[in-house]
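**Student:** The structure follows.
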Amino acid sequence: MCRIEGDMEERERRRRRWGLGVMGLKGTTLGDSRVEKLKSSVIFSGSRMKLWMIRATTMVLLWTCLVQMTTLGELWGPRVLKGWPCCFSQESAAALVVKSPLEVLARVLPPKRVYKNNGYLMVSCNGGLNQMRAAICDMVAIARYLNVTLIVPELDKTSFWADPSEFQDIFDVDNFIMSLRDEVRILRELPPRLKRRVQLGMIYTMPPISWSDISYYHNQVLPLIRKYKVVHLNRTDARLANNGQPLEIQKLRCRVNFSALKFTPQIEELGKKVIRLLRQKGPFMVLHLRYEMDMLAFSGCTQGCNKEEVEELTRMRYAYPWWKEKIINSDLKRRDGLCPLTPEETAFTLRALDIDPSIQVYIAAGEIYGGTRRMASLTAAYPNLVRKETLLEPSELRFFQNHSSQMAALDYLVSLESDIFVPTYDGNMAKVVEGHRRYLGFKKTILLDRKHLVDLIDQYNAGFLTWDEFSAAVKEAHAERMGNPTKRLVIPDRPKEEDYFYSNPWECLEPSNEDETSSSI
């Protein structure tokens, strides 16, 4: 029995010993396995890192290709896809190809002009929209001739209209800067170092002499710019002479006026809408009826006004110290043709010229002084009178309220596109629109001879002329005053009396038109 138990114990010991051996072998095997797994893990982690890097690199390459293809698609897509069957609406297709002005300009950008910069020119424009527009054209030409950097002009905010608009509120500033980069360097503001000097008052300010030759700026203004680095011209209207300037200067003035000075997209779009609404109903005429309170007070013209209105206009004239002429003989001024036509006189004139009574007449003006009472005869003769305020919703004009220059910009756009343009006074808008319409192909612009007209009207009202005689005389007087090709009237030493450059920039028109009828001196 004891032997049997001893054998069993011996077998148990052997079993345990072998078990431990097996376990030890397993432990060794497991230890090696962990090392192998660790090695495999390291190798696997390295493979994952490589795979991640390959994926990341691939994504970067794909993104780069996508950007390149998008750019090429903008350039070639519309042409390539033109013949493809399209599953988009016209609106969707238009949305796909719409590009910002900067993108468009980037592709047609003129080469940058390289020159030695002589300094910086700051300008503060004065007057209304078109007075400032012409001044900006002059200042660009002067900056280019002097090889100076022009800072984007500051617009008048202290005139009668007190319009707070900045340059970029009215004009497309990016188009202005980039479209002229081959002629003159234009910056939005001075470089920081010079800006600090100006803020400290270290700047030379002056009003240039009116109607000056370009040589005046070279001889008198350029030395000041070289000395002070920055010169500020604080009055810019009519500072460059109409005539006797180098041809390249005249052409640059036109380029600025007709190409660089575009209105903002918001103004352009609203102007197009007004034109579209008018065109839907047929031809239209724009009547620039300059019979607003400020014009009458300034000119002293009171024809047809009652006693209270005359007193009101006189008070207004004395209230503005920069309106130098205070005592004015209205009747004498009217007989000399220096007053805007009244609404009543305008109705007589349009009827005498046989303007169709059913034509749409767009009134490009502010509030007419005297209101409905003074407009009665014109409304009776031409019942289809419209204004931007009657064509557009109040919400569409809300943005432009109290911004007279922006409202004038709308009238400017409509005036350019009209079938007939008739200004009743030769103010800045009348002159600049006249010149622009000449540039667009000598569109019909009736330039009224006010001195002759008021004489004929007075004769008709006095019974000295029949209607047929009156009408024939008016037509004869204006047969050659329809915006026909002609050269400017030049009067040496009397620039204020000669024709304004911007009303007839004949140097910029088609060569075949330059040899047309010349005015006598």
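The values are calculated or read from the model by the stated rules, or taken from the named source; none is laboratory data. All values derive from a computational prediction rather than experimental measurement. Ideal geometry is used to build each Cβ from the backbone, glycine not excepted, and the neighbour counts take in all protein chains shown. Each accessible area value is taken on the protein alone, full model and side chains, heavy atoms only, with ligands, DNA and RNA left out. Shrake-Rupley method; radii C 1.70, N 1.55, O 1.52, S 1.80 Å.
**Student:** First select every other residue whose beta carbon is under 13 angstrom from the beta carbon of A380; then total the charges, Lys and Arg +1, Asp and Glu -1.
**Tutor:** Residues near A380 contribute +2 overall.
**Student:** A further question follows. Just the number, please: carbon plus sulfur as a percent of the accessible area of the stretch 120-260, 1.4 Å probe, no ligands or DNA/RNA counted.
**Tutor:** After summing per-atom areas, the C and S share lands at 51 percent.
**Student:** Can I ask one more? Checking the a/c ratio against 1.5 first, then a/b against b/c, what shape does the Cα gyration tensor give for the stretch 120-260?
**Tutor:** In terms of gyration-tensor shape, rounded.
**Student:** So, in Å, what gap is there between the alpha-carbon centers of the stretch 482-497 and the stretch 319-353?
**Tutor:** 22
**Student:** In what sequence, highest mean first, do 451-464, 139-152 appear when ranked by Cβ atoms within 10 angstrom?
**Tutor:** 139-152, 451-464
**Student:** Listed here are the pairs K229/K262; K273/K487; K388/K431; K229/K496; which of them are more than 23 Å apart at the Cα? Write down the numbers at each step before the final one.
**Tutor:** Working: K229/K262 30 Å; K273/K487 35 Å; K388/K431 21 Å; K229/K496 32 Å.
Exceeds cut-off: K229/K262; K273/K487; K229/K496.
**Student:** Which percent, to the nearest 5, of DSSP beta bridges fully inside the stretch 265-508 are antiparallel? Please list the in-between numbers first.
**Tutor:** On the way: 1 of 12 bridges.
Rounded to the nearest five, the antiparallel share is 10 percent.
**Student:** Next up: Accessible area per residue, 1.4 Å probe, Å², for the stretch 265-508: what's the number?
**Tutor:** Value returned for the stretch 265-508: 47 Å² of accessible area per residue.
**Student:** Given a 1.4 Å probe, how much area per residue of the stretch 120-260 is accessible, in Å²?
**Tutor:** On a per-residue basis, 40 Å².
**Student:** So, counting K/R as plus one and D/E as minus one, what does the shell of residues with Cβ under 13 Å around T346 add up to?
**Tutor:** It works out to a net charge of +2.
**Student:** If I take R0 = 41 Å and measure r between the Cβ atoms of R226 and R481 in this structure, what FRET efficiency does the formula 1/(1 + (r/R0)^6) give, to the nearest 0.05?
**Tutor:** The calculated FRET efficiency here is 0.30.
**Student:** In addition: Could you let me know the centre-to-centre spacing of the stretch 247-285 and the stretch 393-432, using Cα atoms, in angstrom?
**Tutor:** The two parts, judged by their Cα centres, are 11 Å apart.
**Student:** Note down the net charge around R315, summing +1 for each Lys or Arg and -1 for each Asp or Glu among other residues with Cβ under 14 Å from its Cβ.
**Tutor:** Net charge in that neighbourhood comes out at -2.
**Student:** Per-residue accessible area for M295 at 1.4 Å probe radius, Å² rounded to 10?
**Tutor:** It works out to around 10 Å².
**Student:** Quick one: compute the contact order of the stretch 265-508, relative version, from alpha carbon pairs under 8 angstrom and 6+ residues apart, as a percent.
**Tutor:** 25
**Student:** Counting only protein heavy atoms and a 1.4 Å probe, tell me what percentage of the stretch 265-508's accessible area is made up of carbon and sulfur.
**Tutor:** Roughly 52 percent of what the probe reaches on the stretch 265-508 is carbon or sulfur.
**Student:** Still on this structure: With the Cα gyration tensor of the stretch 265-508 giving a ≥ b ≥ c as the square roots of its eigenvalues, does the rule (a/c under 1.5 for rounded; else a/b larger than b/c for prolate; else oblate) give rounded, prolate or oblate?
**Tutor:** The shape class here is rounded.
**Student:** Decide, for the stretch 389-447, between rounded, prolate and oblate: order the square roots of the alpha carbon gyration tensor eigenvalues as a ≥ b ≥ c, take rounded if a/c falls under 1.5, and otherwise choose prolate if a/b is larger than b/c, else oblate.
**Tutor:** Since a/c reaches 1.5 and a/b is larger than b/c, the shape of the stretch 389-447 is classed as prolate.
**Student:** Which order do M407, M293, M59, M285 take by accessible area at a 1.4 Å probe, largest first?
**Tutor:** On the way: M407 30, M293 60, M59 125, M285 0 Å².
Putting M407, M293, M59, M285 in descending order of accessible area: M59, M293, M407, M285.
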